[in-house]
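**Q** Starting off with a structure, shown below.
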Amino acid sequence: MLQVTFVPHQLRQLLEPVVRAKEEANRTKVNRQRRRAEPEERAAQPGLTGAEREPHDPAKFMALPTCAEKKECHRQFLSATSNKALESSICASCAREFFRSEVTEVELDRIPHQHLLHPWKVHPAHQLTQGMLLEPAGIVESDMGGSAYLCSSCLQ
């Protein structure tokens, strides 16, 4: 309860019941809001449907994970930090560096909006590929003509 020490004794006796009633009303309101929010929080648990959802149990707060849960966490961590997942590539159009999973390999003759990649004036330092000004690090040469890595914004 709120302590009021600088108020005269008679006034304090009048205010204490009012303060108690106000605090009780606030507690009731907060509890009601929590009860309404709990089902929404449980429904928002990702990856769980129907019977798989566990009801909230405060006793399990600091419980250790099972061996299966630990193995799954390790597997997800290793796959997210593997060399393949962290491999990078350069977009041939904008020359930005991306993770390999964020770029698409496209054949050179199927690059969208090729007319925008042809320079108006060719400079001697330009290295053109099929008449297009592309970043050489983003081009994959092959026997069938080659391909280029393009990011999602350059593919549009």
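The values are calculated or read from the model by the stated rules, or taken from the named source; none is laboratory data. Quantities reported herein were computed from a predicted structural model and do not represent experimental measurements. Note that each Cβ is placed from the backbone with ideal geometry, even for glycine, and that neighbours are counted across all protein chains shown. For accessibility, only protein heavy atoms count, side chains too; no ligands or nucleic acids. Shrake-Rupley method; radii C 1.70, N 1.55, O 1.52, S 1.80 Å.
**Q** Can you tell which of 135, 69 is within 30 Å of residue 34 (Cα to Cα) and at pLDDT 90 or above?
**A** Numbers: 135 fails: within 30 Å of residue 34 (Cα to Cα).
None of the others qualify; the one that does is 69.
**Q** Then there is this: Select, from 16, 38, the only residue that is modelled with pLDDT under 75 and either of a type in the set (D, E, K, R) or open to solvent by 100 Å² or more (accessible area, probe 1.4 Å) (or both). Even if it seems obvious, please write down each step before you answer.
**A** Numbers: 16 fails: modelled with pLDDT under 75.
On inspection, the qualifying residue turns out to be 38.
**Q** If you don't mind, there's one more thing I want to ask. I need the full set of residues from the range 85-99 which are without any contact (Cβ under 8 Å) to a residue 40 or more places away in the chain, in contact with a helix residue (DSSP H, G or I) (Cβ under 8 Å, 6 or more places away or on another chain) and under 24 Å from residue 142 (Cβ atoms), in order please. Steps first, please.
**A** Going through the range 85-99, the residues without any contact (Cβ under 8 Å) to a residue 40 or more places away in the chain turn out to be 85-88, 97, 99.
With in contact with a helix residue (DSSP H, G or I) (Cβ under 8 Å, 6 or more places away or on another chain) added as a condition, the list becomes 85, 87-88, 99.
Passing the criteria: 87, 88, 99.
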